[in-house]
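Working notes for the structure below.
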Amino acid sequence: MKIYRLSDLSAVASWLAVPIYKGATLPSELEFLKEYLEDLSLEKGKSFRILQTDSRYPKHILILGLGDKESMTPQKAGETIGECVRREKEDLCIFIDTLACDHISVQDAAREASYYAEYALYDFTKIRREKETVPEISFISSQDISSLCEQARLTASCVNHARDLGNMPNNFMTPEDLAEEASRLSQELNLDCEILTNKELEEIGAGALLGVNRGSSHGARLITLRYEGDPGAPWTALVGKGLTFDAGGYNLKSASGMDGMKFDMCGAANALCALELIARQKGKANVMAVLGATENKIGPDAYTCNEVLVSLSGKTIEITNTDAEGRLVLCDAITYAQQQGAKKIIDLATLTGACVAALGKNYTGAFTNAPEFLDALEKAGQKTGEKLWQLPLDEYFHEQVQKSTVADMNNCVSGIGAGSSLAAAFLEEFIEEGVQWIHLDIAGSSDFSDGKPYMAKGATGVMVRTLGEMFR
Ligand code: BES
Ligand code: MN
Ligand code: ZN
């Protein structure tokens, strides 16, 4: 990534992209553009190409309308740049200073522009053979923005890594593949990595995860990575739901409900890549990722309704719906994280269709037993623009999940609505006293089948950036 100083303006050989607000005054270096601007509408999203011959300035100029500065936010500014680089498919040098305004600093503008440029240029190219060449994006500013831009690009590259894992077709991303990826990453980053296979899972008694795994021809994996950036301090665990495919089990999904279920491991992918980001930015925190990986399918020995599973915690679970498998995988992963000493837990899971119904695609549903902990995450989310919305969790939901007559709880309660809160209550049953916990239901926000002008369709890598912000 090249960063130009303003004095190097004439050296810019690619298109110079100049974002401009309506009614803005140009900085002196760009005053030569004044005559061109007179007739142009600078509505948000409009762009104009100018070829000019004064050798003191770049030959090719792309004017990018920003509309009114009043309604601009750092994220929207970044998205606008993302939209531009994704649309133009061409080497561009982005002029940063004019993206700033009275309430957006040059630093904020630089950070968001370089984050979104990297995020927007992402396309999933792992399987198709023809790779498109990715345009080169550089930046020019009067301020020293190099390290800011580098950090933002690093962040986006970890988010894009999560998108790659999520987008990978499920026959290329089995639980074994996910474990291998975690192991490869741990070696690259020099992190401690432990992978439990079915044999070890049986030995420790992870009966809930193993119950779900019985319908699959692929083994289950419980993957733990540790990053110790603050020796002696308490540990936080990022626990991820890693269903590399969720067919529903004997409570088989419908055709339309099954399409897209390769994304049911995005919780694990995003937890893993959040840890990657925290490690790469050398965050001052002790964070482990605990990923529960399996498929949920049908087979001769697949689990069924009316079975009772004995979880790693010892609590017993009556199966009332094999499609409510995420909470079974997560409860053992959560117990394991606590056995490993985690005092704070953030779990990420594509857990309930009810969350998509309630919040749609742009919000992550949040539940907690520790309001201050969620406050801190929400603050980080406000900085990154990733939206959280808290949903209710109280005694009533706990009573409902404890209604089984043959076990401590059942995995699905139907007919009373509030599916996301019931799932959260189930998970909270496994949180030990004194442990702070946030559950993030990313069923809606994990993937976006239509894409956006600044985003390829598919996995979004949601919450990777925010978790990186929280542990820096
Ligand atoms: N992975 C699904 C949740 C999901 C649905 C994610 C749609 C993304 C989009 C989960 O395992 C599931 O099947 N949940 C059931 C729970 C129900 C059986 C209690 C659901 O939401 O229908
Ligand atoms: Mn399911
Ligand atoms: Zn699922």
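The values are calculated or read from the model by the stated rules, or taken from the named source; none is laboratory data. Computed from a predicted model, the values in this text were never measured in an experiment. Here Cβ is always computed from backbone atoms with ideal geometry, including for glycine, and neighbour counts include all displayed protein chains. For accessibility, only protein heavy atoms count, side chains too; no ligands or nucleic acids. Shrake-Rupley method; radii C 1.70, N 1.55, O 1.52, S 1.80 Å.
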Of ALA376, ALA354, ALA366, the only residue that is open to solvent by less than 20 Å² (accessible area, probe 1.4 Å), within 23 Å of the chain's Cα centre (by Cα) and in contact (Cβ under 8 Å) with a residue 24 or more places away in the chain is ALA366
Of GLY82, GLY78, GLY65, which residue is of a type in the set (Gly, Ala, Ser) and more than 21 Å from ILE145 (Cα to Cα)? GLY65
Of everything in segment 277-292 that's in a loop (DSSP other than H, G, I, E, B) and open to solvent by 20 Å² or more (accessible area, probe 1.4 Å), which residue is nearest to ligand 2 (Cβ to nearest atom)? GLN281
Unique residue being outside any helix (DSSP H, G or I), open to solvent by less than 30 Å² (accessible area, probe 1.4 Å), in contact with a helix residue (DSSP H, G or I) (Cβ under 9 Å, 6 or more places away or on another chain) and of a type outside the set (Ser, Thr, Tyr) when the list is PHE139, PHE124: PHE139
Filter segment 301-339 down to residues that are more than 16 Å from ligand 2 (Cβ to nearest atom), in a loop (DSSP other than H, G, I, E, B) and open to solvent by less than 30 Å² (accessible area, probe 1.4 Å), then give me how many there are. 2
Is it true that GLU176 is without any contact (Cβ under 8 Å) to a residue 12 or more places away in the chain and either closer than 19 Å to ASN270 by Cβ or assigned to a helix (DSSP H, G or I) (or both)? no
In segment 446-458, which residues are small (Gly, Ala, Ser) and under 14 Å from LEU348 (Cα atoms)? SER446
When the residues of segment 437-453 are filtered to those that are assigned to a strand (DSSP E or B) and under 21 Å from TYR119 (Cβ atoms), which remaining residue is least open to solvent (accessible area, probe 1.4 Å)? LEU440
Evaluate segment 293-300: report whether one residue or more is open to solvent by less than 50 Å² (accessible area, probe 1.4 Å), assigned to a loop (DSSP other than H, G, I, E, B) and farther than 19 Å from TRP437 by Cβ. yes
